[in-house]
Amino acid sequence: MLPERARSSTFREEFARLNLALDVIDHSGGRPRIDVTHLQLGAVGVCRLVATPVEFIRHKHHLKDSRDQFGLNIVEAGPVQFANAGEDHVHDAGSACLVDRGRPLRVFGPRGGNVRFVTVQAAALRSLVAHPEDLSGRPVRSGPALRLLDRYLRSLASFKEPPSSKLASTVGAHLLDLVAATLGPTAEAANIVAERGVKAAKLQAILAEVAQRFSDPSFDLNNVAGALGMSRRYVQNLLEGTGKSFTEHLAGRRLERAFAMLTDPQHLHLTILDIAFAVGFGDVSHFNRMFRRHFGETPSGVRAASTMRELK
């Protein structure tokens with residue numbers, strides 16, 4: 001929309017200063033690129049920022065416009081330097097840092113950077129974590145909760161459009177719980193966090209693992225449990241809440257993919273046997289029975305109907 005020479009200054013003046021309450025200093029040698037994606041989920045915000053070498057600075061004069069929030073930043077590509085609340089640390093990929101957005105802040109990626117972060121209201125976080133301001137600027141300890149938070153944030157990329165207000169509030173509450181679990185909740189909040197946000201994130205991680213690996217014919221419940229560090233029984237218990245077993249979720253993924261391939265002209269060169277094997281079935285007779293039970297039609301019938309539609 002804008003001429004190239006005006007993009008950097010417009011971003012700095014109209015967006016960064018007014019919306020982010022930050023100054024932006026380009027270190028790219030005159031060829032800056034900053035990609036920002038943002039999703040508002042109730043009172044919680046999720047953002048991903050990918051940039052060429054750049055420096056973001058929040059001075060004291062910005063603070064009158066800043067919100068009373070904390071931001072938990074996960075570095076995907078670095079190094080990225082965070083200076084906040086009297087702390088100054090360099091973070092490499094996989095590490096995380098909590099920042100108090102109500103205090104001066106400096107973020108510097110000397111070789112560019114890729115950071116995914118979640119912002120939460122200070123009052124909401126303080127209801128779950130004792131004195132989070134004391135953790136500001138410091139590296140966040142790595143562990144299962146941080147990995148769950150990272151997985152959950154990545155899963156939000158699957159949203160093709162903004163979620164409904166009800167779903168947004170639910171996901172926002174889960175993220176707040178995961179931030180609290182990562183930082184260390186109070187004894188009073190530990191059960192709430194574990195039963196609400198952490199449990200939801202673990203279920204999402206299980207379903208994501210199935211979605212990613214369903215086409216492997218040897219993929220089973222043991223693989224999920226091992227990959228996520230959970231027991232078989234715990235995985236089963238979480239899936240019970242969805243109304244489907246692990247086997248049903250796995251078969252559903254395979255059958256939906258098979259249906260998509262059977263109705264895609266680009267896969268006409270594949271036989272039904274090829275497709276059955278490609279989606280993870282080891283026996284074509286079993287595949288045919290499952291497919292008909294699920295869709296009320298045989299694989300060959302679905303392909304024939306799709307081909308006829310293409311010819312019309």
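The values are calculated or read from the model by the stated rules, or taken from the named source; none is laboratory data. Everything numeric in this text was worked out from a predicted model, so none of it was measured. Reconstructed Cβ throughout: ideal geometry from the backbone, glycine too, with neighbour counts over all protein chains shown. SASA here: full protein model, heavy atoms, side chains in, ligands and nucleic acids out. Shrake-Rupley method; radii C 1.70, N 1.55, O 1.52, S 1.80 Å.
Top mean-square fluctuation among Leu167, Leu72, Leu148, Gaussian network model of the chain, C-alpha springs under 10 Å?
Result for the chain, Cα springs under 10 Å: Leu167 fluctuates most.
Compute the distance in nm between two label points, each set 7 Å from the Cα along the Cα-to-Cβ direction, one at Thr271 and one at Asp134.
6.9
Working with all protein chains in place, sort Arg12, Arg254, Arg309 by solvent-accessible area computed with a 1.4 Å probe, largest first.
Sorted descending by solvent-accessible area, the residues read Arg309, Arg12, Arg254.
Between Lys244 and Asn191, how high is the FRET efficiency from 1/(1 + (r/R0)^6) when r is the Cβ-Cβ distance and R₀ = 30 Å? Nearest 0.05.
After rounding, the FRET efficiency stands at 0.70.
Please list 3J(HN,Hα) in residue order for segment 24-40, calculated via the Karplus relation 6.51 cos²θ - 1.76 cosθ + 1.60 where θ = phi - 60°; whole Hz, with x for glycine and proline.
With coefficients 6.51, -1.76 and 1.60, one gets 10, 10, 7, 10, 8, x, x, 10, x, 9, 10, 9, 10, 10, 9, 9, 8 Hz.
If you look at just the Cα atoms of segment 84-231, how large are its Rg and its Dmax in Å?
Cα-based Rg and Dmax for segment 84-231 come out at 16.8, 53 Å.
Can you give the charge dipole size of segment 133-213 about its Cα centre, rounded to the nearest 20 debye, using +1 on the beta carbon of Lys and Arg and -1 on the beta carbon of Asp and Glu?
Result for segment 133-213 is approximately 360 debye, rounded to the nearest 20.
What nm distance separates the two modelled labels at Ser300 and Arg141, each placed 7 Å from Cα along Cα→Cβ?
Placing both labels 7 Å beyond Cα along the Cβ direction yields 6.2 nm.
If N is the number of residues in segment 177-267, what value comes out of its Cα radius of gyration divided by 2.2 N^0.38 Å?
Scaled against compact globular proteins, the figure is 1.33.
Based only on Cα atoms, what mean projected area does the convex hull of segment 162-210 have, in nm²?
Its Cα hull, projected and averaged over all orientations, spans 3.9 nm².
Considering the dipole of segment 209-312 built from charges on the beta carbon (Lys and Arg +1, Asp and Glu -1) around the Cα centre, which of Thr298, Phe246, His286 is farthest to its positive end?
Looking along the dipole axis, the top candidate is Thr298.
So the label point goes 7 Å from the Cα of Ala123 along Cα→C-beta, right? Which residues of segment 62-104 then have their backbone N under 20 Å from it?
64-72, 100-103
At 7 Å along the Cα-to-beta-carbon direction for both Ala93 and Ala278, put a label point, then send me their distance in nm to one decimal.
If labels sit at Ala93 and Ala278, their model points lie 3.1 nm apart.
Under 5 Å between amide hydrogens, which residues at least 5 positions from Ser245 or on another chain qualify, with H placed 1.01 Å from N in the peptide plane?
Here the answer is none, since no amide H 5 or more places off falls under 5 Å of that of Ser245.
Can you compute 3J(HN,Hα) from phi for each residue in segment 150-156, using the Karplus curve 6.51 cos²θ - 1.76 cosθ + 1.60 with θ = phi - 60°, rounded to whole Hz and x for Gly and Pro?
Per-residue couplings from phi come out as 4, 4, 5, 4, 5, 5, 5 Hz.
Rounding to the nearest 20 debye, state how big the charge dipole of segment 172-312 is about its Cα centre with +1 on each Lys and Arg Cβ and -1 on each Asp and Glu Cβ.
Taking the Cα centre of segment 172-312 as origin, the dipole is about 300 debye.
Return the subset of Lys60/Lys199; Lys60/Lys160; Lys160/Lys202; Lys60/Lys166 for which the Cα-Cα distance in this structure is over 31 Å, preserving the input order.
Lys60/Lys199; Lys60/Lys160; Lys60/Lys166
Counting only residues 5 or more places away or on other chains, whose amide H sits under 5 Å from the amide H of His91 once H atoms are built in the peptide plane?
So His91 has HN proximity to Val80, Gln81, Phe82.
Can you give the extra length, in nm with one decimal, that the chain gains between Thr37 and Leu167 once fully stretched, where that is 0.36 nm per residue apart less the Cα-Cα distance?
Here the segment from Thr37 to Leu167 would lengthen by 44.9 nm.
Give the shape of segment 109-177 as rounded, prolate or oblate, defined through the alpha-carbon gyration tensor: a ≥ b ≥ c are the square roots of its eigenvalues, a/c under 1.5 means rounded, and otherwise the shape is prolate if a/b is larger than b/c and oblate if not.
oblate
Percent relative contact order of the chain, based on C-alpha pairs within less than 8 angstrom and at least six residues apart?
Relative contact order of the chain: 12 percent.
In the chain, if the dipole is taken from +1 on Lys/Arg beta carbons and -1 on Asp/Glu beta carbons about the Cα centre, which of Ala194, Ile272, His61 is farthest to the positive end?
Toward the positive end, the furthest listed residue is Ile272.
Short version: ³J(HN,Hα) in whole Hz for each residue of segment 70-80, in order, from phi by Karplus 6.51 cos²θ - 1.76 cosθ + 1.60 (θ = phi - 60°), x for Gly and Pro, what are they?
10, x, 9, 9, 10, 7, 9, 8, x, x, 10
Could you please state how large a percent of the accessible area of the chain is carbon and sulfur, counting protein chains only and using a 1.4 Å probe?
Here it works out to 52 percent.
Can you give the accessible area per residue of the chain, in Å², using a 1.4 Å probe?
That works out to 54 Å² per residue.
Segment 261-281 to segment 176-209: how many Å between their Cα centroids?
Computed from Cα coordinates, the inter-centre distance equals 39 Å.
How big is the dipole moment of the chain about its Cα centre under a simple scheme where the beta carbon of each Lys and Arg is +1, that of each Asp and Glu is -1, and everything else is neutral? Debye, nearest 20, please.
Dipole of the chain, to the nearest 20 debye: 360 debye.
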